[in-house]
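Have a look at the structure below before the remarks.
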Amino acid sequence: MVHGVVEGLSEIRESLADLYRDLHQHPELSLQETRSAAVLARHLREAGCDEVAEQVGVTGVVGVLRNGEGPVVMLRADFDALPVEERTGLPYASVARGVDQEGREVPVMHACGHDMHAACLVGAATLLARSRDQWRGTLLVVFQPAEELAVGARGMVDDGLFERFPEPQIVLGQHVAPLPAGFIGYGTGPVMAAADSLHITLHGKGGHGSRPESTIDPVLMAANVVTRLQGIVAREVPPAEPAVVTVGRLQAGTKENIIPDRAELGVNIRTYTPQARDLVRAAVERIVRAESAASAAVAEPDLDWFGSAPALVSEPDATKATMAVFTEYFGAQRIQTMPLVNASEDVGVFGQAIAVPTVFWFWGGLETEPTLAALMEGRLDELPGNHSPFFAPVIEPTLSTGVEALVIAALTWLGAP
Ligand code: ZN
Ligand code: ZN
């Protein structure tokens with residue numbers, strides 16, 4: 001049954017590769033994906049979706065394939081790009097530029113492979129639309145914007161995704177990764193970290209660098225905050241619990257002999273359980289307030305949390321059931337279990353919003369043989385990873401594997417004819 005649906009892939013493989021190259025050459029920053037959205041919507045209409053809607057959650061695209069009584073299954077792909085200057089040297093490399101949220105002009109690249117995600121989902125929707133005699137139920141096709149800002153999924157849910165369109169019993173998604181092309185990696189339970197970002201402003205009192213006694217130095221205050229924050233993971237989080245606290249931004253002052261009146265920090269935390277998340281967030285706030293008080297700051301620090309994504313949980317039973325079908329189709333040697341990934345994904349927001357399971361897996365995008373060799377020899381650092389200016393999946397077998405995985409996963413949960 002499964003093979004019957006996938007058979008049509010040979011007919012559309014070339015046009016999907018063209019679509020992929022087109023998306024790759026025209027990357028768009030988060031919440032500005034208007035051209036990509038129009039292209040994807042057109043493909044869904046051509047594929048024969050019964051309903052196609054644009055601008056769901058700003059730039060999201062939704063397609064519905066109705067095929068009689070049966071389960072509703074959601075396939076999701078993200079399609080935003082990043083402010084990265086492409087250095088792959090590929091003939092279809094991006095030279096695009098865009099304007100980011102702060103109004104800066106930046107280079108733009110599909111450095112996370114979301115163009116591949118989108119092309120594969122077009123392929124899967126096309127194949128399932130062409131073989132309605134092979135399954136029953138409803139397929140909900142969701143192209144989600146702004147994954148890189150971790151706001152796109154929430155935006156679509158808040159815009160009525162599950163009120164305006166059929167509510168699925170399961171959410172299925174995938175991410176291309178620095179694994180050998182043709183291979184699938186998965187985990188059960190928490191697979192990607194919760195991410196929380198925080199802007200901090202510390203308030204001192206500025207003055208001449210030669211008269212520190214007349215000032216309250218926010219640089220020293222910030223330095224103490226940075227150092228003290230490192231104690232959270234080292235001393236407060238249980239050793240068996242993975243967590244990261246990173247201060248990625250620290251800004252103060254303009255000149256060596258002026259003590260500034262404020263310092264700003266940008267903090268990012270990663271955790272896998274709600275308990276650890278609450279613990280780390282509370283500890284960060286406590287330390288920032290306490291260091292501020294210890295320095296006799298002129299005002300309470302400003303703490304502004306933003307850009308939060310919950311941990312991504314691939315529901316264990318549903319994941320095992322899906323991977324059993326993958327193993328049958330791809331062969332056991334092409335399916336691997338993966339360690340926790342410290343990056344984050346907001347796909348989990350969909351399933352959480354309607355209390356249904358999410359199944360999420362990774363699939364390889366790097367040249368198969370050299371990547372296998374590098375993995376065997378532990379040369380992981382040599383492999384270009386997501387967000388690198390050198391990260392662009394080899395088109396095949398990445399594209400075919402991604403389409404096949406989506407189709408097979410969907411058929412695992414759709415009804416039999
Ligand atoms: Zn990314
Ligand atoms: Zn990504």
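The values are calculated or read from the model by the stated rules, or taken from the named source; none is laboratory data. Because the structure is predicted, anything quoted here is derived from the model rather than measured. No Cβ is skipped: glycine too gets one built from the backbone with ideal geometry, and neighbour counts run over all protein chains shown. Remember, those area values only see protein heavy atoms, side chains included, never the ligands or the DNA or RNA. Shrake-Rupley method; radii C 1.70, N 1.55, O 1.52, S 1.80 Å.
Could you list, in sequence order, the residues of the range 335-391 that are closer than 30 Å to G160 by Cβ and more than 16 Å from ligand 2 (Cβ to nearest atom)?
G351, Q352, A353, I354, A355, V356, P357, V359
Could you say which residue among S30, S15 is of a type in the set (S, T, Y) and free of Cβ contacts under 8 Å to residues at least 40 places away in the same chain?
Details: S30 fails: free of Cβ contacts under 8 Å to residues at least 40 places away in the same chain.
One residue alone meets the criteria, S15.
When you scan the range 116-127, do you find a residue that is open to solvent by 30 Å² or more (accessible area, probe 1.4 Å), at pLDDT 95 or above and on the phi < 0 side of the Ramachandran plot, even just one? Don't jump to the end; show me each part of the working.
At the first step, the residues of the range 116-127 found to be open to solvent by 30 Å² or more (accessible area, probe 1.4 Å) are none.
The answer is no; no qualifying residue exists.
Within the range 84-115, which residues are under 30 Å from V5 (Cβ atoms) and buried (at least 20 other Cβ atoms within 10 Å of the Cβ)?
Once the filter is applied, which keeps residues that are under 30 Å from V5 (Cβ atoms) and buried (at least 20 other Cβ atoms within 10 Å of the Cβ), the range 84-115 yields H110, C112, G113, H114, D115.
Filter the range 104-131 down to the residues that are of a type in the set (G, A, S), within 16 Å of ligand 2 (Cβ to nearest atom) and assigned to a helix (DSSP H, G or I) and list them by number.
Step one: of the range 104-131, the residues of a type in the set (G, A, S) are 111, 113, 118-119, 123-125, 129, 131.
This time we only want the ones that are within 16 Å of ligand 2 (Cβ to nearest atom), so: 111, 113, 118-119.
Scanning the range 104-131 gives A118, A119.
Looking at the range 308-351 only, could you name the residues that are open to solvent by 30 Å² or more (accessible area, probe 1.4 Å) and under 21 Å from V244 (Cβ atoms)?
Correct list: S308, V313, M338, P339, L340, V341, N342, A343.
Look at the range 283-299 and say how many of its residues are open to solvent by 60 Å² or more (accessible area, probe 1.4 Å) and either outside any loop (DSSP other than H, G, I, E, B) or in contact with a helix residue (DSSP H, G or I) (Cβ under 7 Å, 6 or more places away or on another chain) (or both).
The total comes to 4.
In the range 362-397, how many are closer than 15 Å to Y20 by Cβ and more than 16 Å from ligand 1 (Cβ to nearest atom)? Let's see the steps before the verdict.
If we filter the range 362-397 for residues that are closer than 15 Å to Y20 by Cβ, which is where we start, we get 363, 365, 391-397.
Pick out the ones that are also more than 16 Å from ligand 1 (Cβ to nearest atom) and you get 394-397.
Count: 4.
Any idea which of P397, P357 is assigned by TED's automatic domain parsing to the domain that holds V122 and in contact with a helix residue (DSSP H, G or I) (Cβ under 6 Å, 6 or more places away or on another chain)? Don't jump to the end; show me each part of the working.
On the way: P397 fails: in contact with a helix residue (DSSP H, G or I) (Cβ under 6 Å, 6 or more places away or on another chain).
Among P397, P357, only P357 is assigned by TED's automatic domain parsing to the domain that holds V122 and in contact with a helix residue (DSSP H, G or I) (Cβ under 6 Å, 6 or more places away or on another chain).
Applying the selection to the range 341-364, what residues are touching a strand residue (DSSP E or B) at 6+ places or on another chain (Cβ under 7 Å) and assigned to a helix (DSSP H, G or I)? Talk me through it step by step, then tell me what you get.
As a first pass, look at the range 341-364 and keep what is touching a strand residue (DSSP E or B) at 6+ places or on another chain (Cβ under 7 Å): 341-348, 350-351, 356-364.
Within the range 341-364, G348, F350, G351 qualify.
Conditions (1) surrounded by fewer than 16 Cβ atoms within 10 Å (Cβ to Cβ); (2) in a loop (DSSP other than H, G, I, E, B), marked per residue:
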{"site": "D133", "(1), (2)": "yes, no"}
{"site": "P166", "(1), (2)": "no, yes"}
{"site": "G185", "(1), (2)": "no, no"}
{"site": "A195", "(1), (2)": "no, no"}
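Could you tell me how many of the residues in the range 220-258 are acidic (D, E) and either open to solvent by 80 Å² or more (accessible area, probe 1.4 Å) or in contact with a Cys (Cβ under 7 Å, 6 or more places away or on another chain) (or both)? Before the answer, list the steps.
In the first step, residues of the range 220-258 are kept if they are acidic (D, E); the result is 236, 241, 256.
Cutting the leftovers down to either open to solvent by 80 Å² or more (accessible area, probe 1.4 Å) or in contact with a Cys (Cβ under 7 Å, 6 or more places away or on another chain) (or both) gives us 256.
Number of matching residues: 1.
Please find, among V157, V176, V191, V151, the residue that is within 16 Å of ligand 1 (Cβ to nearest atom) and out of contact with any strand residue (DSSP E or B) (no Cβ under 6 Å at 6 or more places or on another chain).
V151
Just to be sure before I move on: is P260 touching a Lys or Arg at 6+ places or on another chain (Cβ under 7 Å), in the same structural domain as E236 (by TED's automatic domain parsing) and in contact (Cβ under 8 Å) with a residue 12 or more places away in the chain in the structure I sent? Steps first, please.
Numbers: touching a Lys or Arg at 6+ places or on another chain (Cβ under 7 Å): no; in the same structural domain as E236 (by TED's automatic domain parsing): yes; in contact (Cβ under 8 Å) with a residue 12 or more places away in the chain: yes.
In short, no.
Search the range 111-127 for residues being touching a Phe, Trp or Tyr at 6+ places or on another chain (Cβ under 8 Å) and of a type in the set (G, A, S), and hand back the single one that is farthest from ligand 1 (Cβ to nearest atom).
So, considering only residues that are touching a Phe, Trp or Tyr at 6+ places or on another chain (Cβ under 8 Å) and of a type in the set (G, A, S), the one farthest from ligand 1 (Cβ to nearest atom) is A119.
Go through the range 198-219 and count every residue that is part of a strand (DSSP E or B) and open to solvent by 20 Å² or more (accessible area, probe 1.4 Å). Reasoning before the result, please.
Step one: filter the range 198-219 for residues part of a strand (DSSP E or B), giving 198-203, 205, 207-208, 216.
Filter once more, so that each one left must be open to solvent by 20 Å² or more (accessible area, probe 1.4 Å): 199, 201, 203, 205, 207-208, 216.
Total meeting the criteria: 7.
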